[in-house]
């Protein structure tokens, strides 16, 4: 959409979201209503989110029929990438010449309406880093507008509408190149790994699209990166933008933001932050894992460069308890701590398991569900390597919501078999009830149950610990 701004849309216009129940779409709908538009939308899968939207005065249709467009009479349509051309609502909107925006295009229009825009990208850690940065900016009184990819207790949901158009902070996902629609004054890249293999056949394709993302930063803007990531360096070399690169590292290298004097207390990292040569304070994280040191440094740099003082940065990190679905403690089941995490990629699984291994527990039982068949096919060996060292891992079948399943496709059982051939300890369960029974057989009080993967398997955490709340999208 180029340089188009929200102010160029019809004042108090009617905006209709096709697929409104997703975490990002529901958040955009709430923000759009906050900007003064009249908002409606549809979803074929009624949920707590669509009920919440209805409670906020948003018109909800629990199906996707052409008549909904006739009834609602929208001025604009916003659709998810999953909506296909033959969708009845989309076809009727096109028939009526109603302007149609992809979700990423509409979010891109929002980024053009703000003076300062922080977009946090990367293969892993976006939600955590964006949530950390948001807490720092809120504590600093900077009143940002916030758009997250998961609910976060710190803002009471996945979005927050600021009181002005000075500062917007958002996750920027590379899936289907959506983040190329976003303008940034500060952009961050937490890491670059080979993921979304249906969009990017090779790692080099991923590196290239991040170079394009860098080129979307305003001239003179900031790029905050993990200084030790070689793939990020390649993306920077391929970009041609006049920007200031700010590096973050936890290994004592010559970085602009560094973690020093690192120690672990019951598996939780503590460290000093040195920002641009100055020690700004000591942090004791409440979430585990060395990867969260890196996330904290990226967040600190983004907030620091946008006006947050040292005391707000340190206070926010010391209080940050994590976003939903990111090492979320659901409760206790038969004397065992139950933790769920969205980690479905081999790299994310490895660092999350490592973090859990350093937490207090007797035995660790990992329950794992991969996400999408094409990802498993391309990264099969990486899945085996990442999960090989688990004391015990129980696999559920691969989850997909965007692929046609046919006979002969790869299975989670293939991963389990490969792990066992190499001396590991893995089991496969096609039936969730059989999986739950096996968990009961294996656990003893004091153990930790770590459930990794998309919402389909994380729901098991809610079943084991009723009353839990984990609604991050798959």
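Sorted on the mean count of surrounding Cβ atoms within 10 Å across their residues, most packed first, peptides 403-414, 323-334 read 323-334, 403-414. Take the Cβ atoms of residue 272 and residue 166, set R0 to 35 Å, and the FRET efficiency comes out at 0.70. Rounded, prolate or oblate: which one fits the range 6-106, using the alpha carbon gyration tensor with axes a ≥ b ≥ c (rounded when a/c is under 1.5, else prolate when a/b beats b/c, else oblate)? It comes out rounded by the Cα gyration axes.
Computed packing ranks the peptides 74-81, 98-105, 300-307 as 300-307, 74-81, 98-105, most packed first, by mean other Cβ atoms within 10 Å. Decide, for the chain, between rounded, prolate and oblate: order the square roots of the alpha carbon gyration tensor eigenvalues as a ≥ b ≥ c, take rounded if a/c falls under 1.5, and otherwise choose prolate if a/b is larger than b/c, else oblate. Judged from the Cα gyration tensor, the chain comes out oblate (a/c at least 1.5, b/c at or above a/b).
Residues 379, 394, 450, 180 in ascending order of nearby Cβ atoms (within 10 Å, fewest first): 180, 379, 394, 450. A Förster radius of 45 Å combined with the Cβ-Cβ distance from residue 47 to residue 262 puts the calculated FRET efficiency at roughly 0.65. Entry note: the range 256-377 has Rg to Rh equal to 1.02, where both radii use alpha-carbon atoms and Rh is the Kirkwood radius. As a ratio to 2.2 N^0.38 Å, the alpha-carbon radius of gyration for the range 328-464 is 0.98.
With a ≥ b ≥ c the root eigenvalues of the C-alpha gyration tensor of the range 191-264, is it rounded (a/c under 1.5), prolate (a/b larger than b/c) or oblate? Since a/c reaches 1.5 but b/c is at least a/b, the shape of the range 191-264 is classed as oblate.
The spacing between the range 336-409 and the range 204-267, judged by their C-alpha centroids, is 27 Å. When DSSP beta bridges are restricted to pairs lying wholly in the chain, around 25% turn out antiparallel. Within the range 328-464, DSSP assigns beta bridges of which about 20% are antiparallel (rounded to the nearest 5). Mean residue ellipticity, 222 nm, helices only, the chain: the sum of -39500 (n - 2.57) across DSSP H runs of n ≥ 4, divided by residue count and rounded to 500, is -10000 deg cm²/dmol. Ordering of 418-427, 169-178 by packing is 169-178, 418-427, highest average first (other Cβ atoms within 10 Å, averaged per residue). Just the Cα atoms of the range 114-319, one point each, no solvent: what log10 I(q)/I(0) does Debye give at q = 0.10, 0.14, 0.18 Å⁻¹? Computed log10 I(q)/I(0) values: -0.38, -0.76, -1.28. Give me the percent relative contact order of the range 20-174, please, defined on Cα pairs under 8 angstrom at least 6 residues apart. This gives 22 percent for the range 20-174.
Plainly put, the range 353-399 has a radius of gyration that is 1.01 times its Kirkwood radius, both from alpha-carbon atoms, as the Rg/Rh ratio. Annotation: extensible slack from residue 153 through residue 218 equals 20.3 nm (criterion: 0.36 nm per residue apart, minus Cα-Cα distance).
Based on the Cβ-Cβ distance from residue 202 to residue 425, what FRET efficiency comes out when R0 is 35 Å, to the nearest 0.05? Plugging the Cβ-Cβ distance into 1/(1 + (r/R0)^6) gives 0.60. If both residues of a DSSP beta bridge must be in the range 37-195, then about 15% of such bridges are antiparallel. Residue separation of residue 75 and residue 7 scaled by 0.36 nm, minus their Cα-Cα distance, works out to 23.1 nm of gained length.
Read the figures in this text as sums done on the coordinates, not as results from a lab. Quantities reported herein were computed from a predicted structural model and do not represent experimental measurements. Note that we place each Cβ from the backbone using ideal geometry, even for glycine, and neighbour counts take in every protein chain shown.
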